[in-house]
1. Given the conditions (1) at pLDDT below 95; (2) in contact with a Leu (Cβ under 6 Å, 6 or more places away or on another chain); (3) of a type in the set (Gly, Ala, Ser), and given that ALA47 satisfies all but one, which numbered condition is not satisfied?
2. Condition first: surrounded by 14 or more Cβ atoms within 10 Å (Cβ to Cβ), free of Cβ contacts under 8 Å to residues at least 24 places away in the same chain and not polar (S, T, N, Q). Now tell me which residues in the stretch 20-52 satisfy that.
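The values are calculated or read from the model by the stated rules, or taken from the named source; none is laboratory data. Since the model is a prediction, treat every value here as computed from it, not as a measurement. Positions of Cβ are backbone-derived with ideal geometry, glycine not excepted, and every protein chain shown enters the neighbour counts.
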Amino acid sequence: MERKEVIRRVSGRNQLVGRIDSVRISGLMAEVKISIGGQQITSIITATSAREMQLKKGQTAAALIKATEVMIIRV
């Protein structure tokens, strides 16, 4: 079975859905910027993953956050 045919289910609950602002592929890596609620989050992923997912500006995408702790500050 090809990798892109596999349905992925993830246990991560920290999922932020937004729109892709840009995808910049350079060598082995890709920089993906997503706008979420007026804020922007940037992720560095492999170029292969970006190509397999066919990530493009304007698409809806989710950022899954995996961290051992989340810090809160008052602004």
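1. (1)
2. MET29, GLU31, LYS33, ILE45, ALA47 - these are the residues of the stretch 20-52 that are surrounded by 14 or more Cβ atoms within 10 Å (Cβ to Cβ), free of Cβ contacts under 8 Å to residues at least 24 places away in the same chain and not polar (S, T, N, Q).
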